[in-house]
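The values are calculated or read from the model by the stated rules, or taken from the named source; none is laboratory data. Since we're looking at a predicted model, the values are computed, not measured. Cβ coordinates were reconstructed from backbone atoms using ideal geometry, including for glycine residues, and neighbour counts include every protein chain displayed. Side chains are part of the model used for accessible areas, which takes the heavy atoms of the whole protein and leaves out ligands, DNA and RNA. Shrake-Rupley method; radii C 1.70, N 1.55, O 1.52, S 1.80 Å.
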Amino acid sequence: MKKGLIFVLFALVSIVSQISWNAKVGMNMSNFTGDMDTDMRIGFNVGVGMEYQFSDMWSIQPSLMFTQKGAKQDEVKMNPMYLEIPVLAAARFAIADNQNIVVKAGPYFAFGIAGKCKIGDEKIDFFGDGDDQFGAKRFDAGLGVGVAYEINKFFIDLSGEFGLAKLADGDGAPKNMNFSIGVGYKF
């Protein structure tokens, strides 16, 4: 019994020692793909993440992000906000003492929690159906890619997200596309 308990404790310690946490904030440059002829919109993102390292090189990086996406078209400005969970596989390459380049890719899943569509002086809800709503779907998912430069516990992150879920029904319906630059700190 004691040997089994000691084995479980050592297993938990080895798992916990491979986990690190981080906080990050950044700027988004987002747009819609599809038949809509829209222009890029600037937004922000903020969140927390963790990293589980399998080895010195390989890890998985899930995060919980609050992110603002959208686009604009003439007088119409679309401003959806999402809770997003990217789950990225990462490869770390050491380039100097305490400096790394991290290349990452994987899926993301998002749920629209708020947002407005401003048409001239009138504002309507971005998500949902109805006369006073834009009618976009709340669920979003896609592929994320990125590269980060780590210096000690700080990092600079460049990433892109390519939505695979349509924001509305129909052929040529828009999908989210987002590029971001951010900074963060690892705990």
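Assorted remarks:
- Taking amide hydrogens as placed 1.01 Å from N in the peptide plane, the amide H of Gly70 sits under 5 Å from those of Asn31, each at least 5 positions away in sequence or on another chain.
- Accessible-area composition of the stretch 102-182, carbon plus sulfur, in percent [1.4 Å probe]: 61
- Annotation: extensible slack from Asn152 through Ile119 equals 7.3 nm (criterion: 0.36 nm per residue apart, minus Cα-Cα distance).
- In the stretch 46-85, the chymotrypsin sites (Phe, Trp or Tyr not before Pro) that fall in loop regions by DSSP, at most 15 other Cβ within 10 Å: Phe54
- Annotation: extensible slack from Val183 through Met40 equals 49.3 nm (criterion: 0.36 nm per residue apart, minus Cα-Cα distance).
- Phi angles across the stretch 26-37 convert, under the Karplus curve 6.51 cos²θ - 1.76 cosθ + 1.60 with θ = phi - 60°, into 3J(HN,Hα) values of x, 10, 9, 10, 10, 7, 10, 9, x, 6, 6, 9 Hz, Gly and Pro given as x.
- The accessible area of Phe44, taken with all protein chains in place and a 1.4 Å probe, comes to roughly 80 Å².
- Net charge over other residues, Cβ less than 12 angstrom from the Cβ of Ala141 (K, R count +1; D, E count -1): +1
- Summed over qualifying helices (DSSP H, 4 residues or more, each -39500 (n - 2.57)) and divided by its residue number, the chain shows a 222 nm mean residue ellipticity of -2500 deg cm²/dmol.
- Heavy-atom accessible area for Leu64, with the other protein chains in place and a 1.4 Å probe, reaches approximately 90 Å².
- When restricted to Cα atoms, the stretch 84-187 yields an Rg and a Dmax of 17.8, 59 Å, respectively.
- In order along the stretch 81-92, the phi-based Karplus estimate (6.51 cos²θ - 1.76 cosθ + 1.60, θ = phi - 60°) of 3J(HN,Hα) comes to 10, 10, 8, 10, 10, x, 10, 10, 7, 10, 10, 10 Hz; Gly and Pro are listed as x.
- The distance separating the Cα centre of the stretch 92-107 from that of the stretch 156-187 comes to 21 Å.
- Choice from Ala71, Ala96, Ala141 showing the highest fluctuation, given a GNM over the chain with Cα pairs closer than 10 Å: Ala96
- Per-selection Kirkwood Rh - the chain (Cα, Å, 1 d.p.): 18.0
- Contact order relative to length of the chain, as percent, for alpha carbon pairs under 8 angstrom and 6 or more apart: 20
- Only protein heavy atoms count here; on that basis, with a 1.4 Å probe, Ile101 has an accessible area of about 50 Å².
- Accessible surface, 1.4 Å probe, highest first, among residues Val76, Val145, Val102: Val145, Val76, Val102
- Here the stretch 134-187 is treated as an ellipsoid with the same Cα gyration tensor; its semi-axes, largest first and in whole Å, are 32, 10, 8.
- Whole-Hz Karplus values for the stretch 105-122 come out as 7, x, x, 10, 10, 9, 10, x, 10, 6, x, 10, 10, 9, 10, x, 9, 8 Hz, taken residue by residue from phi with 6.51 cos²θ - 1.76 cosθ + 1.60 and θ = phi - 60°; glycine and proline positions read x.
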